[in-house]
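*Asks:* Here it is: the structure, laid out below.
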Amino acid sequence: MKTSDVYHVPALLNETVDLLLVRPGKKYIDATLGGGGHSEEIVKRGGILLGIDQDPEAISYASERLSKACPGLSPPKFARANFSLIKQIAKENDFNEVDGILFDLGVSSHQLEVSSRGFSFNQEGQLDMRMNPDLSITARELINGLNEGELAELFWKLGEEKYSRRFAEAI
């Protein structure tokens, strides 16, 4: 992926980073790194950054982006993992005490636009939907492998979908 490609444009970038009260030399964690938009702004303001993402494409893109956008500033650390492991990752990277943590939950523009990721509404592609492509089970395998009751429960618990039974029956 070329750095000139737009991976994701964060909404309310400055407003979000302003709320972190970034101060030079202080430590911050971007727990959902994505394209690195928030991280870049944190580093430009002098923050020391640990970026976490389970998507290897996001880590690669953000690493390249920050090295080009922030030369001479404190180089960020990156961890490829799910943010649910944030305590362990922080400890491993000497981020035991931090001054701010950012979670920008959701799907990136890149994930929605690349048909092979299986999130796109606009392009044909396999129903994948894995944030971490190394996970073994795809959305397609879940849809085809679960019975109606299991699908309804999945949609209800993980998607908070009030029509979960109706959708499971239709499938």
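The values are calculated or read from the model by the stated rules, or taken from the named source; none is laboratory data. This structure is a prediction, so every number in the text was calculated from the model and none was measured. With ideal geometry, Cβ positions are generated from the backbone for all residues, glycine too; neighbour counts draw on all protein chains shown. When the accessible area is computed, the model is the full protein with side chains, heavy atoms only, and any ligands, DNA or RNA have been set aside. Shrake-Rupley method; radii C 1.70, N 1.55, O 1.52, S 1.80 Å.
*Asks:* Can you find, within region 115-124, the residue that is nearest to N82 (Cα to Cα) among those that are open to solvent by 50 Å² or more (accessible area, probe 1.4 Å) and part of a loop (DSSP other than H, G, I, E, B)? Quick ask: steps written out before the conclusion?
*Replies:* We begin by selecting, within region 115-124, every residue open to solvent by 50 Å² or more (accessible area, probe 1.4 Å); these are 116, 121-124.
With the extra rule that they be part of a loop (DSSP other than H, G, I, E, B), the set shrinks to 121-124.
On the way: F121: 25, N122: 27, Q123: 27, E124: 27 Å.
Among them, the one singled out is F121.
*Asks:* Related question: Can you tell me which residues in region 132-171 are open to solvent by 60 Å² or more (accessible area, probe 1.4 Å), within 22 Å of P56 (Cα to Cα) and part of a loop (DSSP other than H, G, I, E, B)?
*Replies:* Answer for region 132-171, where residues must be open to solvent by 60 Å² or more (accessible area, probe 1.4 Å), within 22 Å of P56 (Cα to Cα) and part of a loop (DSSP other than H, G, I, E, B): D134, L135, S136, I137.
*Asks:* I would also like to ask the following. State whether the residues of region 38-48 include one that is assigned to a loop (DSSP other than H, G, I, E, B), in contact (Cβ under 8 Å) with a residue 24 or more places away in the chain, open to solvent by 20 Å² or more (accessible area, probe 1.4 Å) and of a type in the set (G, A, S).
*Replies:* yes
*Asks:* Mind checking which pairs have a first residue in region 7-32 that is closer than 9 Å to D99 by Cβ and a second that is assigned to a loop (DSSP other than H, G, I, E, B) and of a type in the set (A, V, I, L, M, F, W, C), Cβ under 7 Å, 6 or more apart or different chains?
*Replies:* Qualifying pairs under 7 Å: K27/F95; K27/V98; Y28/L20; Y28/V22; Y28/V98.
*Asks:* Pick from A11, A90: which is at pLDDT below 95 and either out of contact with any Gly (no Cβ under 9 Å at 6 or more places or on another chain) or farther than 30 Å from M129 by Cβ (or both)?
*Replies:* A11 is the lone residue from the list that is at pLDDT below 95 and either out of contact with any Gly (no Cβ under 9 Å at 6 or more places or on another chain) or farther than 30 Å from M129 by Cβ (or both).
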